[in-house]
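Inspection log for the structure reproduced underneath, given as structure tokens.
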Amino acid sequence: MNAVQAFHRRSIQDRDQFWREQATAIHWHVPFSTVVDESKLPFAKWFVGGQTNLCFNAVDRWLDSRGDQAALIWVSTEVDQEQTYTYRQLYQEVNAVAAMLKAQGVGQGDRVLIYMPMVPEAVFAMLACARLGAIHSVVFGGFASVNLAQRIDDAQPKVIVCADAGARGGKVTPYKPLLDKAISLCTAPPEKVIVVDRGLFAFEPVAGRDLEYASLRKQFDGVEIPAVWLDSSAPSYVLYTSGTTGKPKGVQRDVGGYAVALASSIKHIFNGKPGDTFLCTSDIGWVVGHSYIVYGPLIGGQTTILYEGTPVRPDGGILWSLVERFKVDTMFSAPTAIRVLKKQDPGLLKKYDLSSLRALYMAGEPLDEPTAQWISEGLGKPIIDNYWQTETGWPILAGQPGIENVPTKFGSPSFPVYGFDVRVIDEQTGEDLGPNQKGVVAIVPPLPPGAMTTIWGDDARFVETYFSSIPGRQVYSTFDWGLVDEEDYWFILGRTDDVINVAGHRLGTREIEESINSHSAVAESAVVGIADQLKGQVAVGFAVLKDPSVLDAAGATQKLEAEIMKVVDEQLGPVARPARVRFVTTLPKTRSGKVLRRAIVAVCEGRDPGDLTTIEDPTALEQIKDSL
Ligand code: ATP
Ligand code: MG
């Protein structure tokens with residue numbers, strides 16, 4: 001057993017003592033008396049009796065020792081601006097925003113919805129809510145009115161903080177007009193809207209409702225608002241899941257458990273220490289952004305970089321140039337971003353001094369082996385795949401170099417993270433499975449500190465959605481397939497609803513995709529099961545090529561399709577061979593970079609793809625249609 005596994009074992013077998021030690025990593029205003037209350041499982045309360053505050057831990061706690069250290073560095077390649085805030089300056093900004101929210105009547109337990117691009121004011125607003133004990137709900141800036149209206153009605157915020165506009169790839173996208181439209185669709189409109197006017201899009205205030213951030217900021221300059229001490233299990237925020245598989249769920253999180261989980265993860269998973277610089281390329285609208293742009297690095301006394309821009313502008317070297325300039329220690333990105341870079345000049349990986357960088361962490365979707373290999377060789381750094389969900393708030397499976405540097409295996413997020421009593425379970429019998437047996441990845445409750453505590457406003461849906469799908473056992477289902485190999489490395493094999501049935505064979509679309517991706521011409525692919533009269537379903541693949549011009553030669557398309565089919569034949573056997581492989585230049589994905597398989601299937605079967613409000617690029621679906 002390696003040290004990572006031993007650490008994990010202790011967290012389960014000697015749980016209370018283990019978490020008592022981890023909990024010393026944060027400041028408690030009132031110490032807790034009970035480590036975990038599990039009298040009402042699957043609901044669990046961590047650090048009962050304790051009082052603390054996320055904002056205090058992220059900001060105030062560092063004022064004495066690190067007041068002049070950069071806390072937040074904002075870089076925007078969209079508007080060509082940069083701004084650094086020291087911990088002291090961050091403290092001032094957050095206090096001013098807390099004061100302006102308080103003046104609008106926001107107090108403990110009130111919801112504040114944040115609909116913002118990647119600007120510092122978004123971070124101030126999150127921390128200001130945490131300071132007041134108000135519950136923030138950050139909605140990804142790329143979402144349009146319908147998504148936004150759904151979330152407003154569910155969270156019922158008193159105040160919404162937004163910006164006039166964001167920009168992506170050099171193109172301005174108005175936010176405020178989308179918000180106005182969303183509010184007109186809502187049954188529970190907010191009392192006030194605070195607008196950060198970036199001067200990107202004409203700001204037309206609604207009288208009596210809209211307030212302008214900069215003038216409020218002046219009004220509350222220098223005002224200090226003490227952090228409100230909150231029960232450890234008080235709600236800190238609500239964040240909606242991406243909606244890849246259905247209606248988004250309002251994931252609710254606590255205060256104390258989340259602070260402890262993040263503080264300990266910075267140390268054990270990210271091998272970090274105060275003073276480090278963390279670059280996370282996610283968005284504050286996603287869970288990775290909440291945990292590892294905002295709260296984690298700041299609770300860890302680090303410098304966090306907030307990047308507004310794409311990975312390819314001004315060129316594909318931008319992220320590496322940030323690593324060089326700011327001496328980034330830890331970087332966190334997503335496979336989708338790296339696949340975008342794969343289509344760029346590989347020389348860009350060698351152009352910058354990356355000596356400060358310890359490792360690149362990746363999460364959000366399966367990290368296929370070719371992509372992992374490409375980036376690992378290109379950077380010459382460890383690639384640490386970590387697997388988690390909005391629901392869990394921090395990684396379930398990960399390499400944990402802060403505990404021990406155990407070699408990684410491509411395609412595997414290594415080992416269970418301490419606190420997660422995670423199993424691979426047979427979905428028919430509910431029994432634990434042995435090595436190399438594929439089953440559902442499930443977690444035995446209590447979920448660890450930092451994980452979701454319930455679905456906002458719907459305890460029954462929490463139990464029903466997550467804890468009721470495995471027969472005879474009340475365990476949390478991740479709805480992902482997984483297996484553990486003979487050396488105890490874990491593998492995620494796709495979502496439980498991504499399995500297709502071809503002539504009686506159950507096939508994971510993920511495995512077929514991996515196989516297609518292993519062809520050297522392919523950058524990425526999506527495989528779906530399409531209804532077939534003869535076989536029940538057949539697999540159809542859509543591949544994006546690294547260099548689409550290879551198809552220009554006469555007959556090249558048919559030749560490449562045949563080659564790819566042969567690869568699948570050899571690796572997985574003819575039953576897995578896709579009936580067709582089509583070439584497209586982009587795949588239909590959610591705004592968080594996840595392939596919208598449901599929509600592809602619908603289009604392939606000639607049905608209406610349904611709700612497409614989370615799609616990144618609607619033309620991607622047209623390409624799918626045209627390619628058939
Ligand atoms: P919804 O639950 O609303 O359908 P979603 O599941 O896409 O949306 P997220 O919580 O953002 O919302 O995504 C979590 C899912 O992403 C996991 O359940 C898993 O399927 C996938 N995932 C995340 N990280 C990894 C990883 N390292 N390897 C494989 N899959 C991953
Ligand atoms: Mg999910």
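The values are calculated or read from the model by the stated rules, or taken from the named source; none is laboratory data. What you see is a predicted model; the values in this text were computed from it and never measured. Cβ atoms come from the backbone with ideal geometry, glycine included; neighbour counts cover every protein chain shown. Accessible surface is based on the protein model in full, side chains and every heavy atom, while ligands, DNA and RNA are left aside. Shrake-Rupley method; radii C 1.70, N 1.55, O 1.52, S 1.80 Å.
Count the net charge of all other residues whose Cβ sits under 12 Å from the Cβ of Met118, scoring Lys and Arg as +1 and Asp and Glu as -1.
On the way: positive: Arg168, Arg198; negative: Glu78, Glu121, Asp283, Glu308.
Net of charged neighbours comes to -2.
Mean shadow of the chain, computed from the convex hull of its alpha carbons, in nm²?
Working: hull surface 107.8 nm².
So the Cα hull casts an average projection of 27.0 nm².
Could you give the angle, 0 to 90 degrees to the nearest 10, between helix 87-103's Cα long axis and the longest principal axis of the Cα atoms of the chain? Rounded to the nearest ten degrees, it is 80.
Can you check what the net charge comes to around Ala261, using other residues whose Cβ is under 15 Å from the Cβ of Ala261 (Lys, Arg +1; Asp, Glu -1)? Walk me through the numbers on the way to the answer.
Working: positive: Arg15, Arg20, Lys45, Arg253, Lys267; negative: Glu21, Asp254, Glu391, Asp421.
Charge balance near Ala261 sits at +1.
Summarising the amide proton neighbourhood of Gly109: residues at separation of 5 or more, or on other chains, whose placed amide H is nearer than 5 Å comprise Ala134, Ile135.
For Leu545, the residues whose amide H sits under 5 Å from its own are Ala523, Val584, ignoring neighbours fewer than 5 places away on the same chain, with H placed 1.01 Å from N. On a per residue basis, the range 63-145 carries 27 Å² of accessible surface, using protein heavy atoms and a 1.4 Å probe.
To put it simply, the accessible area of the chain at a 1.4 Å probe is 49 percent carbon and sulfur. Which shape class, rounded, prolate or oblate, goes with the range 1-149 when its Cα gyration tensor gives a ≥ b ≥ c as root eigenvalues, a/c under 1.5 marks rounded, and past that a/b bigger than b/c marks prolate? Because a/c hits 1.5 or more and a/b exceeds b/c, the range 1-149 counts as prolate. Of all DSSP beta bridges confined to the chain, the antiparallel ones make up roughly 60%.
Taken per residue, the accessible surface of the range 158-201 reaches 42 Å², heavy atoms only and a 1.4 Å probe. Within the range 499-627, antiparallel bridges make up roughly 75 percent of the DSSP beta bridges whose residues both belong there. Derived scalar couplings between HN and Hα for the range 573-586 equal x, x, 5, 8, 4, x, 5, 8, 10, 10, 10, 10, 9, 7 Hz in order, rounded to whole Hz, by the Karplus curve 6.51 cos²θ - 1.76 cosθ + 1.60 (θ = phi - 60°), x for Gly and Pro. Relative to one another, the C-alpha centroids of the range 403-419 and the range 459-511 are positioned 20 Å apart. Using a probe of 1.4 Å on the protein chains alone, the accessible area found for Glu324 is around 70 Å². Taking amide H atoms as placed 1.01 Å from N in the peptide plane, the amide H of Asn271 lies under 5 Å from those of Gly402, each 5 or more residues away in sequence or on another chain.
Determine the per residue accessible area of the range 260-336 with all protein chains present and a 1.4 angstrom probe, expressed in square angstrom. It would help to have the intermediate numbers written out before the result.
Numbers: 1570 Å² over 77 residues.
Heavy-atom SASA per residue in the range 260-336 reads 20 Å².
Across q = 0.18, 0.21, 0.22 Å⁻¹, the range 494-628 modelled as identical point scatterers on its alpha-carbon atoms has Debye log10 I(q)/I(0) values of -1.00, -1.35, -1.46, in the order of the q list.
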